[in-house]
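In what follows, a structure is listed as structure tokens, so that the remarks can point back to it.
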Amino acid sequence: QTAVAYFTKKGKITTTPVEGDIVFFDWTKDGRYDHTGIFVKWLTETTFETIEGNTAVGNDSNGGIVMRRTRDKKTAIFVHP
């Protein structure tokens, strides 16, 4: 939450991420960010690829594996530091 607040205050939130940008995920859409990853590329207009740590198929936020994942932009905000 602290990082999202910081980047928001600094005007670093973007809707057009580039490779290497930070992605924060709010799985339940409750305004609290549950997980983070690194943006790799857009796959479609609404899905994108990330590299994430501590994830797994079946456990998005606490899986213990570093993986490439496909995510939906509905649960994400992007930061271009």
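Inside segment 19-30, can you point out the residues that are loosely packed, with under 14 Cβ neighbours inside 10 Å and either modelled with pLDDT of 95 or more or among the charged types (D, E, K, R) (or both)?
Matches in segment 19-30: Glu19, Gly20, Lys29, Asp30.
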* Structure fact -> Subset of segment 1-18, residues surrounded by 10 or more Cβ atoms within 10 Å (Cβ to Cβ) and within 25 Å of Asn59 (Cα to Cα), comes to Ala3, Val4, Pro17
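Of all residues in segment 31-44 being exposed (fewer than 13 other Cβ atoms within 10 Å of the Cβ) and farther than 17 Å from Asn62 by Cβ, which is modelled with the lowest pLDDT?
Gly31
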* Asked: If a residue has to be within 23 Å of Glu19 (Cβ to Cβ) and open to solvent by 70 Å² or more (accessible area, probe 1.4 Å) to count, how many in segment 55-67 make the cut?
  -> 2
* To do: Assess whether Phe78 counts as being touching a helix residue (DSSP H, G or I) at 6+ places or on another chain (Cβ under 7 Å) and either assigned to a loop (DSSP other than H, G, I, E, B) or on the phi < 0 side of the Ramachandran plot (or both).
  => no
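Given the options Phe24, Phe39, Phe48, name the one that is touching a residue at least 40 places away in the same chain (Cβ under 8 Å), under 12 Å from Ala76 (Cα atoms) and assigned to a strand (DSSP E or B).
The conditions single out Phe24.
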* When you look at Gly31, is it within 19 Å of Thr2 (Cα to Cα) and out of contact with any helix residue (DSSP H, G or I) (no Cβ under 8 Å at 6 or more places or on another chain), yes or no? -> yes
* Structure fact -> How many residues of segment 55-75 are without any contact (Cβ under 8 Å) to a residue 12 or more places away in the chain and part of a loop (DSSP other than H, G, I, E, B)? The answer is 5
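The values are calculated or read from the model by the stated rules, or taken from the named source; none is laboratory data. Predicted model only: the values in this text are computed from it and were never measured. Neighbour counts run over all protein chains shown; Cβ positions are idealised from the backbone, glycine included. Protein only, heavy atoms only, side chains kept; ligands, DNA and RNA dropped before computing areas. Shrake-Rupley method; radii C 1.70, N 1.55, O 1.52, S 1.80 Å.
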